[in-house]
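Undergrad: Take this structure first; my questions come after.
The values are calculated or read from the model by the stated rules, or taken from the named source; none is laboratory data. Nothing here was measured: the structure is a model prediction, and the numbers come from that model. Quick reminder, even Gly has a Cβ in these numbers, built from the backbone with ideal geometry, and neighbours come from all protein chains shown. Just the protein is used for accessible areas: all its heavy atoms, side chains included, with ligands, DNA and RNA removed. Shrake-Rupley method; radii C 1.70, N 1.55, O 1.52, S 1.80 Å.
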Amino acid sequence: MGFTKIWAMAGVLAAGLMLPPPASAQDTIKIGAIYPLSGNAASAGESAKAALEVALDIINNPHPELGNIPLAKTAGLPNLKGAKLDIVFADNQGSPAVGQSQALRLITQEKVAALTGAYQSGITQTASAIAEKYGIPFLSGESVAANLTERGFKWFFRTTPVASDIAKTYMAFLKDLKAGGQKVDSIAVVNENSDYGTSIAQVLDEAAKANGFNIDLHIPYSANTTDVQSQVLQLKDKKPDVVIFVSYTSDAILYMKAMKALDYKPAVLIGDDSGFSDAAFLKTVGSIAQGAINRSAWDIGKPGSVTYLINEMYKKKRGVDLDDTAGRAMQGFLTLADAINRAGSTEPAKIQAALRATDLKPDQLMMGYKGVKFDAKGNNELAAALLIQIQGDHYVAVWPKETAVAPLQLPYKGW
Amino acid sequence: MTATLLQVIAGGLLLGALYALFASGLTLIWGMMNVVNFAHGDFVMLAMYTSFVVWKTLGLGPAASVPIAALVLATVGIVAYFALVRHVMRAPMIAQILATFGLALFLRYGVFWYFGANFLSLPDNLVGGTYDIWGIRLPAARLLAGAVALLVTAGLHLLLTRTMLGSRMLAVAEDEAAAQLMGIRPHRMQAVAWGLAAGAAGIAGALISTFFYISPTVGETLAIVAFVTVSLGGFGSVPGALVAGLLIGVIESLSAYWIGAVYKDIVTYSLFVAVLWLRPQGLMGKA
């Protein structure tokens, strides 16, 4: 792997050097967006890219039909004389090193006003370190690893619920299940072993202990794997009541296929976002993952609603419904754009101050957060998540009861 | 032995057959023709997409997609030889590596551009269901791939050791100038080798697509194991690649089950290094 990656990087760098620098108009403000546009996570990266392009359309063109979404009504940023935004996309190739060098390139050569991305927590980690060094705001809409906001960074913000919020949501859900008579005595966590999976597994462990649950089986694995049968057999041996997968797309698909081949079904299967939220996951293995539970803050809503209209715009670009991960990326970008507008300037310090002063209300958001307001570490203290379940060929909201549109179906059905 | 352990071993053997099948074409090019084909994984990837297109447009399974993919890829292989590889045959090794690597990127991003990054998958029941033999579950699609891996290995081995064509190819690999003096056309033999190797990659891809996901980078994920398979088996030994593939499959599965999935590569590659240390020519290679 290392060898081919090095060659890939060399090739891309060589190609990059030969391209002429893109011309820049004076009245546009450039934002750098680092996403996995090639490599194993490219399908999630392309979804995020499409979502950001929809956000760009909403910001740069008048969309009075989108209610209170910031910057929707006007064309461009009103506080900057109607200046338009422009996104410079950069491919992180699924590698923390490439993500870091792309951040450097976007800041020093493209002169972006701010950065967003980078999907994989492990890459957000390295890319945001560069932004911190250069004093450029970095807003991640979707990276959840706990350590990202434990570094004392002053230029890093994120709108997404983080690992600890997610763990809280799962624990509350499991308590509800227990109260309803469902057996949840033993829990297994199967996690990919980079920043994202490791971080979620760790906070799940802590949250479980605090809530009197027992995680008695940990199966870490590398997401870039060719086979997962042995892991499924470990699960089959131990028979946990609940299995929580923390996976990216390719490995999530392999797990569902292996589970069917080995005829294994836990009573409760939770797939933590990422891989399970990828539209390609539903399309390829949705029919053999019936009843899989996932977290989400995205709900398409009723026809005519703001979220419904946004989903229609996205569908026109990408051909599928907006998923939670791309939705969170889009919400992050809209938040960033709103801050730049309020800053009334592209000066990094002013954008940073505006981000700190962010106070978006639920009706100004497309995601189901209770608002956007950053704490001292840069986390959104109003982030929230609900649980959705695969029923038929799509996800439906099933928990908590207030937001549920269909009853939770247990046990996990599979195929 | 418990039933689970038997299942782990059975799964490992089927996984190993997949590795062997994936590596079969590579043995021919790398092991015999001394060209490191970095595009091999992407040949297989291309075959997986061919198989997807065959299913999507004609609604047909491996009975049609295997021969079609074999033909398509054999053509790609021959074209790649004449258009690209021929020109770097006498160039230093690094030029060959860069040329085939460029080809790999070209294929990967060509597919990326045309099909997009989305993961694709063939319907689960395209090759029948799963056999349950005394509690050991064997998916029909993987059994088929395993059986074909044996056939392809046997076929290539016989071709190389028992036919005139095989002898000519080996002669070219051994000493091109001498072969030419014997009236063998080296370019033609090299092209045949590339056609055969790519055709084998075509068969492999069409079969793997029946139980694996399909994406532009899938070849990259599997290719690293293929390179290890060929060097462990021994350069130029077709049966060696089969034995090595099966061995790696079983060791990976057992170590993932016993020690943990994150450690399986450490176990596999330590053994790999140990074997090469003791037998640099590989398990079945000639010293």
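Undergrad: Need pairs with beta-carbon distance below 8 Å; first residue within 13 Å of residue A:51 (Cβ to Cβ) and at pLDDT 95 or above and within region A:327-353, second part of a helix (DSSP H, G or I) and basic (Lys, Arg); sequence gap 6+ or separate chains.
TA: Final answer for the pair search is none.
Undergrad: To continue, here is another question. Can you tell me which of (1) more than 17 Å from residue A:44 (Cα to Cα); (2) out of contact with any Lys or Arg (no Cβ under 6 Å at 6 or more places or on another chain) is the one residue A:359 doesn't meet?
TA: Going through the list (1) more than 17 Å from residue A:44 (Cα to Cα); (2) out of contact with any Lys or Arg (no Cβ under 6 Å at 6 or more places or on another chain), residue A:359 breaks only (2).
Undergrad: When you scan region B:33-53, how many residues do you find that are open to solvent by 10 Å² or more (accessible area, probe 1.4 Å) and not in a loop (DSSP other than H, G, I, E, B)?
TA: Result for region B:33-53: 4.
Undergrad: Can you tell which of A:387, A:410 is touching a residue at least 40 places away in the same chain (Cβ under 8 Å), buried (at least 18 other Cβ atoms within 10 Å of the Cβ) and closer than 19 Å to residue A:266 by Cα?
TA: Among A:387, A:410, only A:387 is touching a residue at least 40 places away in the same chain (Cβ under 8 Å), buried (at least 18 other Cβ atoms within 10 Å of the Cβ) and closer than 19 Å to residue A:266 by Cα.
Undergrad: While we're on this one: Can you say whether residue B:58 is at negative phi and surrounded by 15 or more Cβ atoms within 10 Å (Cβ to Cβ), as far as the supplied structure shows?
TA: no
Undergrad: Could you grab the pairs with beta carbons closer than 9 Å, sequence gap of 6+ or different chains, first residue in region A:98-115 and in a strand (DSSP E or B), second one of a type in the set (Ser, Thr, Tyr) and open to solvent by less than 20 Å² (accessible area, probe 1.4 Å)?
TA: Taking only residues 6 or more apart or on different chains, the pairs are A:115/A:128; A:115/A:140.
Undergrad: Further question on the same structure: Taking the criterion of being away from chain B (no Cβ under 14 Å) and surrounded by fewer than 23 Cβ atoms within 10 Å (Cβ to Cβ), would at least one residue in region A:30-50 satisfy it?
TA: yes
Undergrad: Given the criterion surrounded by fewer than 19 Cβ atoms within 10 Å (Cβ to Cβ), within 13 Å of chain A (Cβ to nearest Cβ) and over 21 Å from residue B:40 (Cβ atoms), identify the matching residue among B:98, B:158, B:143.
TA: Only one candidate qualifies: B:143.
Undergrad: Sticking with this structure for a sec: Being closer than 21 Å to residue A:318 by Cβ, outside any strand (DSSP E or B) and open to solvent by less than 20 Å² (accessible area, probe 1.4 Å) is the filter here, so list the residues in region A:61-92 that pass it.
TA: A:66, A:69, A:72, A:92
Undergrad: Answer yes or no as to whether residue A:325 is farther than 20 Å from residue A:228 by Cβ and either crowded, with 24+ Cβ neighbours inside 10 Å or within 14 Å of chain B (Cβ to nearest Cβ) (or both).
TA: Answer is yes for this residue.
Undergrad: Moving to a separate point now. Suppose we filter region A:154-181 for residues that are open to solvent by 50 Å² or more (accessible area, probe 1.4 Å) and part of a loop (DSSP other than H, G, I, E, B); how many remain?
TA: Going through region A:154-181 one residue at a time, the tally reaches 3.
Undergrad: Another one. (1) open to solvent by 10 Å² or more (accessible area, probe 1.4 Å); (2) under 27 Å from residue B:127 (Cβ atoms); (3) away from every other protein chain (no Cβ under 11 Å): which one isn't true of residue A:263, the others all being true?
TA: (3)
Undergrad: Please determine whether any residue of region B:169-182 is charged (D, E, K, R), out of contact with any Leu (no Cβ under 7 Å at 6 or more places or on another chain) and open to solvent by less than 60 Å² (accessible area, probe 1.4 Å).
TA: yes
Undergrad: Would you point out the residue of region A:241-254, among those that are within 11 Å of chain B (Cβ to nearest Cβ) and open to solvent by less than 10 Å² (accessible area, probe 1.4 Å), that is nearest to residue A:326 (Cα to Cα)?
TA: A:249
Undergrad: Now for a separate question. Condition first: open to solvent by 40 Å² or more (accessible area, probe 1.4 Å) and modelled with pLDDT of 55 or more. Now tell me which residues in region A:11-29 satisfy that.
TA: Correct list: A:27, A:28.
Undergrad: What's the number of the only condition in (1) away from every other protein chain (no Cβ under 12 Å); (2) in contact (Cβ under 8 Å) with a residue 60 or more places away in the chain; (3) under 19 Å from residue B:26 (Cβ atoms) that residue B:187 fails to meet?
TA: Result: residue B:187 passes all but (3).
Undergrad: Additional query: Of the residues B:149, B:91, which is more than 14 Å from chain A (Cβ to nearest Cβ) and outside any helix (DSSP H, G or I)?
TA: B:91
Undergrad: Looking at region A:371-384 only, could you name the residues that are free of Cβ contacts under 8 Å to residues at least 24 places away in the same chain and either under 27 Å from residue A:239 (Cα atoms) or surrounded by 15 or more Cβ atoms within 10 Å (Cβ to Cβ) (or both)?
TA: A:371, A:373, A:382, listed by residue number.
Undergrad: With the checklist (1) surrounded by fewer than 17 Cβ atoms within 10 Å (Cβ to Cβ); (2) in a helix (DSSP H, G or I); (3) outside the structural domain of residue A:325 (by TED's automatic domain parsing) in hand, flag the one item residue A:207 doesn't pass.
TA: Checking residue A:207 against (1) surrounded by fewer than 17 Cβ atoms within 10 Å (Cβ to Cβ); (2) in a helix (DSSP H, G or I); (3) outside the structural domain of residue A:325 (by TED's automatic domain parsing), the one that fails is (1).
Undergrad: Give region A:273-320 a look and list any residue that's within 14 Å of another protein chain (Cβ to nearest Cβ), surrounded by fewer than 20 Cβ atoms within 10 Å (Cβ to Cβ) and not small (Gly, Ala, Ser), or say none.
TA: If the condition is that a residue be within 14 Å of another protein chain (Cβ to nearest Cβ), surrounded by fewer than 20 Cβ atoms within 10 Å (Cβ to Cβ) and not small (Gly, Ala, Ser), then A:283, A:288, A:290, A:317, A:320 are the ones that fit.
For (1) among the basic types (Lys, Arg); (2) over 16 Å from the mean Cα position of the chain (by Cα), each residue gets a yes or a no:
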{"position": "A:297", "(1), (2)": "no, no"}
{"position": "A:300", "(1), (2)": "no, yes"}
{"position": "A:310", "(1), (2)": "no, yes"}
{"position": "A:315", "(1), (2)": "yes, yes"}
{"position": "A:320", "(1), (2)": "no, yes"}
{"position": "A:323", "(1), (2)": "no, no"}
{"position": "A:331", "(1), (2)": "no, no"}
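Undergrad: For region B:209-236, name all the residues that are facing chain A (nearest Cβ under 7 Å) and not in a loop (DSSP other than H, G, I, E, B).
TA: Passing the criteria: B:220, B:221, B:222, B:224, B:225.
Undergrad: Hey, can you tell me all the residues within region B:124-136 that are touching a residue at least 12 places away in the same chain (Cβ under 8 Å) and under 24 Å from residue B:63 (Cβ atoms)?
TA: Residues satisfying the conditions are B:126, B:127, B:128, B:131.
Undergrad: Residue by residue through region A:210-223, note down the ones that are surrounded by 20 or more Cβ atoms within 10 Å (Cβ to Cβ) and within 23 Å of residue A:249 (Cβ to Cβ).
TA: Selection gives A:219, A:221, A:223.
Undergrad: Ok, one more. Take residue A:213 and tell me if it is aromatic (Phe, Trp, Tyr) and more than 14 Å from every other protein chain (Cβ to nearest Cβ).
TA: The answer is yes for residue A:213.
Undergrad: While we're here: In region A:224-240, which residues are crowded, with 19+ Cβ neighbours inside 10 Å, more than 10 Å from chain B (Cβ to nearest Cβ) and out of contact with any Leu (no Cβ under 6 Å at 6 or more places or on another chain)?
TA: A:235
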